[in-house]
Amino acid sequence: MLKHWFYSLLAARHFRYGIKILRDLERKLISREARFAIPFAYRGKGYFRIIEPRQNPFEIESLYKAVCELDAKRILEVGTARGGTLYLWTQAAAPDATLVSVDLPGGDFGGAYPACRVPFYSEFAREQQTMHLMRTDSHQSATLDEVKQHFSDHEIDFAFIDGDHTYEGVKQDFEMYGPLVRPGGLIAFHDIVDRPEVAGLDVHRFWVELKEKYDTVEFIGPDGSGKKIGIGLVRVGSEGI
Ligand SMILES: C[S@@+](CC[C@H](N)C(=O)[O-])C[C@H]1O[C@@H](n2cnc3c(N)ncnc32)[C@H](O)[C@@H]1O
């Protein structure tokens, strides 16, 4: 009992410390461009120690710039884990945007996040933004219904698909959430580079199929930029998905 109380107190203290570090960084780095650095530079404590994106910095910066150009009002992320990319979308989005994150507790491919991080990620939202954090399976039809509800049945500007990396998993995410994205909007996929050394990664197989059908761009880090993981971007045409 006493031990539980002690750890709750410690977690609350680490939470407050994390928010302070984040707000200090935001005070120093004002522009959208500069704020790209924040989740990489942030260092907190305990459960809130890091929010670094699980990304090649060159690749995610290229995507960040593309999303900034959209000035998006509605953004969906499937696969949030440590929260780094979710933080970036709050900065790239319009000041009054709605953001929805779906991440499965105990999910594969990156470790999900504990419930105590919910209030922390909620603090990523800027003053007039709304953040919905759904800790659930993106493949359930009830999840799709709830996502639509959070966006009040409006089309969305950008979807980042970085959850289940199996062929069937990523395909299902695209088929369920792709049609929500408006013409002119963007859908991005992480892990489009074939990396046979990592078991179960099959996004590259699905990406090959998408490239044949849609207007696409690839962001792949140059030599020396770290591990090449690859981000694939679909530019949604006038007919939608
Ligand atoms: C690679 S991580 C996301 C990384 C994050 N976007 C970043 O760049 O920092 C993948 C996440 O997808 C989640 N995930 C796996 N399968 C899922 C599913 N079916 N529905 C929702 N989330 C899922 C995992 O829990 C994990 O947190």
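FYI, it's all coordinate maths here, none of it is from the lab. Every value quoted in this text rests on a predicted model; they were computed, and no experiment measured them. Positions of Cβ are backbone-derived with ideal geometry, glycine not excepted, and every protein chain shown enters the neighbour counts.
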inquiry  = Helix-only mean residue ellipticity at 222 nm, the chain, DSSP H runs n ≥ 4 weighted -39,500 (n - 2.57), per residue, nearest 500. What is it?
reply    = -12000 deg cm²/dmol
key: Angle in degrees between helix 141-150 and the longest Cα principal axis of the chain, rounded to the nearest 10   = 70
request  = Using amide H atoms built 1.01 Å from N in the peptide plane, name the residues 5+ places from ILE156, or on other chains, whose amide H lies under 5 Å from its own.
outcome  = VAL181, ARG182
request  = Would you work out which of TYR64, LEU210, HIS190 lies farthest towards the positive end of the dipole of the range 51-235? Charges go on Cβ: Lys and Arg +1, Asp and Glu -1.
outcome  = TYR64
task = Give, rounded to the nearest 20 debye, the magnitude of the charge dipole that the range 1-89 has about its Cα centre when Lys and Arg contribute +1 at Cβ and Asp and Glu contribute -1 at Cβ.
result = 580
task = Just give me a number: lysine pairs in the range 51-235, eight or more positions apart or cross-chain, with C-alpha atoms less than 28 Å apart.
result = 22
query = Rounded, prolate or oblate: which fits the range 51-235, taking a ≥ b ≥ c as square roots of the Cα gyration tensor eigenvalues, rounded meaning a/c under 1.5, else prolate when a/b beats b/c?
reply = rounded
task = Mind putting a number on the dipole of the range 1-152 about its Cα centre? Charges go on the C-beta only, +1 for Lys and Arg and -1 for Asp and Glu, and I need it in Debye to the nearest 20.
result = 820
request  = Can you find, among ALA115, TRP5, ILE19, the residue farthest towards the positive end of the dipole of the chain? Put +1 on the C-beta of Lys and Arg, -1 on that of Asp and Glu.
outcome  = TRP5
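Work out the length of the dipole vector of the range 51-235 about its Cα centre, built from +1 on the beta-carbon of each Lys and Arg and -1 on the beta-carbon of each Asp and Glu, and round it to the nearest 20 debye. Let's see the in-between values first.
Numbers: 18 positive and 31 negative charges, 46 e Å.
About 220 debye.
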request  = Just name one of LEU233, THR90, PHE160: the one whose Cα is farthest towards the positive end of the charge dipole of the chain (beta-carbon charges, Lys/Arg +1, Asp/Glu -1).
outcome  = THR90
